[in-house]
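Written below as structure tokens is the structure these notes are about.
The values are calculated or read from the model by the stated rules, or taken from the named source; none is laboratory data. The shown structure was predicted, so the numbers you read here are calculated from the model rather than taken from an experiment. A quick note on method: Cβ atoms are made from the backbone with ideal geometry, for glycine too, and the neighbour counts reach across all protein chains shown.
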Amino acid sequence: MNQAAQLLTKLCKVCIAPPPDLTVSQWADKFRFLSSESAAESGKWTTLPFQREPLDAVSDSQVRRVVIRAATQMLKTVTIENSIGYFVTQDPGPILILQPRDADVKAFSKERIAAMIRDTPVLRGLFSDPKSRSSNNTIEKKLFPGGMLAITSAGSPGNLARRAIRFLFADEVDKYPPTAGSEGNPISLARKRLATFRHRKKEIMTCSPTLPGSEIDRAYEGSDRREYYVPCPICGHMQSLMLKFYTQVQWDSSLTSREEQAKSARYHCENPDCKAAWDDATRWEAIEKGEWRARAPFNGIAGFWISELYSPWKQLWEIVLDFLTKKDNAQDLQTFVNTSLAENWVEKGEAPEWEILLSRREEYQPGTVPRGGLFLTAGVDVQRDRVECEVVAWGRGRESWSVDYQILEGKTSESEVWKQLEVLRSQTFKTEQGAELPITRMIVDSGDQTQDVYNWVRTQPASQVQAIKGSDKGILPVGQPSPVDINVGGKKIKAGLKIKIINVSFFKSELYANLKSRRPTDEELSQGYTFPPRYCHFPAGKNYGDEHFKQLCAEQLIMRSNRRTGRTKQEWQQTRPRNEALDCRIYARAAAWDIGLDRMQERHFKAMEDQLKAETDKLEEIKEQLKPEPRSPRNSSGESGWLRGRGKNWLRR
Ligand SMILES: [Zn+2]
């Protein structure tokens, strides 16, 4: 290399500032000291295994927003504190910290920030002495070399609109007022101030969950949705502990005192072949060896979700005792669900409003698959005098589109109605782009008219049609297939009919939560906002009228306590005589689960999308070929291969 080139390289190294060498967790391990005000033990900071990735996401240049949806005392404040320390010393710029109210501003500034500056030597020298009363270090504003720390209440629009910032750390976002004065949502207001630092800006949003569709809920759903998976120390099975409190944490409720019951609690490994009961030491051992796993593709937003079950500071019995103490009061229970389990609180017994769903119907033709729908399932409810069936399209983020609802009249003891169902089963549905989609899986309830259902399902392709029975419980939303065909000697017939048990309670809760998710406004949609994940779309048209939506909202969840065991249990209760629309919808969803929708990753969706695209292209090609001879009959039999290109193993598990 000649001298000029060497010089150029040297210059470039100076001009393009190298990214800071440390990550946030490394910075904290090296420099951070905990203050006695905010930590059980003051002294040198040590990053715990589950804290490392969230902290380091903040210093990762690929990440523009970090979303922390967590139980209290786990991850929220420490991420903001350590990020402040990191950027002040490593990569300074103007920082805005949002707190819900003025009182929170004061508390956070004094107990968290001032204490951290006082006790962390590397920070102390960068801020002026607060006792000097200089305007450079006040509760709401602290200057440091190369930047400024502003701490502001989300309710003060004036403060939000002031000057450009590079870092926005929004703490406890669900507690913000929905609008800051007349100026709009406080977070969008604050975000506008990030605009000047286009590529170097960074955002952190934190909160414990509150209600479905809240600010933190939408932020997390829009992220890559990471959960912390831990290996069972007994069998090695990796599992997330999220949403597991009601199923995997078990205790002896026959014991007399709450304390005794709580002390008997163990977490049980979710692997059905293991089910090992973990004591606290086992649980902590598992957590030590855990890893974050994303459930959605990375799009610049890293989302972390974690509950108190991962806490190294709490024993399981403390969490269970907290639950037992709070469970009988709805408000207390909500606090527990939000701040300990880090789960959304779903109002008990509150079905979605059918009028709202009716008013949200969209302009697409029933019988067609709107853009976004990638595969179809069907749910069938069987009555004595008719069969009802809904066909649903599924896409990324479990977004769904109701495609068709059919009511086939006829006695189910006779063959006519079953012939009609077979026509529907073998039908294909046109996508918006022109390709044809078959029903990948159809689920038929065998709870009523059981033998008629069995008889028909036996004649259908086993990979496509599945008989089921609904149940209110079950470890798995869709159980393993079990044989119903038994010969005279009581032996199972090989290759005989098998049915699966569907946990309908699980799917009803999920559907009702999804039906309540917020529809973006027309204005938001025109600005390019997309529908939230799991949004349910309905067409305006035949069979999607008042009656359909009344049936869909026909059940409510009530709390019922078992006198013998003293445990309260949630139970679904029908509020209207008919609810077939709800049942069909639940079965269609169970079919999507059964196919593997919940485990599908971007590459699966992409593959399906590409295939649809290829089919559309093929269609165009054929149309083109047919053009010069307008009378040429449409070949409807031999050409169907490409229409149904997906063999039965089109998605391998
Ligand atoms: Zn295990």
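Observations on the structure shown:
- Residue within the range 614-630 that is outside any helix (DSSP H, G or I) and within 19 Å of Leu476 (Cα to Cα) present: no
- Taking the criterion of being among the basic types (Lys, Arg) and in a loop (DSSP other than H, G, I, E, B), the residues of the range 502-539 that qualify are Lys516, Arg518, Arg519, Arg534.
- Among residues of the range 101-155, those that are in contact with a strand residue (DSSP E or B) (Cβ under 9 Å, 6 or more places away or on another chain), of a type outside the set (Ser, Thr, Tyr) and in a loop (DSSP other than H, G, I, E, B), counted: 8
- Qualifying residue in the range 192-201 (condition: modelled with pLDDT under 90, assigned by TED's automatic domain parsing to the domain that holds Glu81 and crowded, with 19+ Cβ neighbours inside 10 Å): yes
- Asp445 of a type in the set (D, E, K, R), under 15 Å from Arg384 (Cβ atoms) and in contact with a Phe, Trp or Tyr (Cβ under 7 Å, 6 or more places away or on another chain): yes
- Enumeration of residues in the range 263-297 that are surrounded by fewer than 17 Cβ atoms within 10 Å (Cβ to Cβ), part of a helix (DSSP H, G or I) and within 13 Å of the ligand (Cβ to nearest atom): Glu285
- Scanning the range 228-244 for residues that are more than 16 Å from the ligand (Cβ to nearest atom) and surrounded by fewer than 21 Cβ atoms within 10 Å (Cβ to Cβ) yields Met242, Leu243.
- Any hit, the range 597-611, residues being modelled with pLDDT under 90, of a type in the set (Asp, Glu), touching a Leu at 6+ places or on another chain (Cβ under 9 Å) and assigned to a helix (DSSP H, G or I): no
- For the range 171-186, the criterion of being away from the ligand (no atom under 16 Å from the Cβ) and part of a strand (DSSP E or B) is met by none of the residues.
- All told, Thr210 falls short of being assigned to a strand (DSSP E or B), assigned by TED's automatic domain parsing to the domain that holds Ile68 and in contact (Cβ under 8 Å) with a residue 40 or more places away in the chain.
- Complete set of residues in the range 246-262 that are within 16 Å of the ligand (Cβ to nearest atom) and hydroxyl-bearing (Ser, Thr, Tyr): Thr247
- Count of the range 56-79 residues which are closer than 26 Å to Phe245 by Cα, part of a helix (DSSP H, G or I) and not charged (D, E, K, R): 3
- Filter result (in contact with a strand residue (DSSP E or B) (Cβ under 8 Å, 6 or more places away or on another chain) and in a loop (DSSP other than H, G, I, E, B)) within the range 80-99: Pro92, Gly93, Pro94
- Scan the range 301-322 for residues that are acidic (Asp, Glu) and touching a residue at least 40 places away in the same chain (Cβ under 8 Å) and the total you get is 2.
- Residue check for Arg200: of a type in the set (Lys, Arg) and assigned to a loop (DSSP other than H, G, I, E, B): yes
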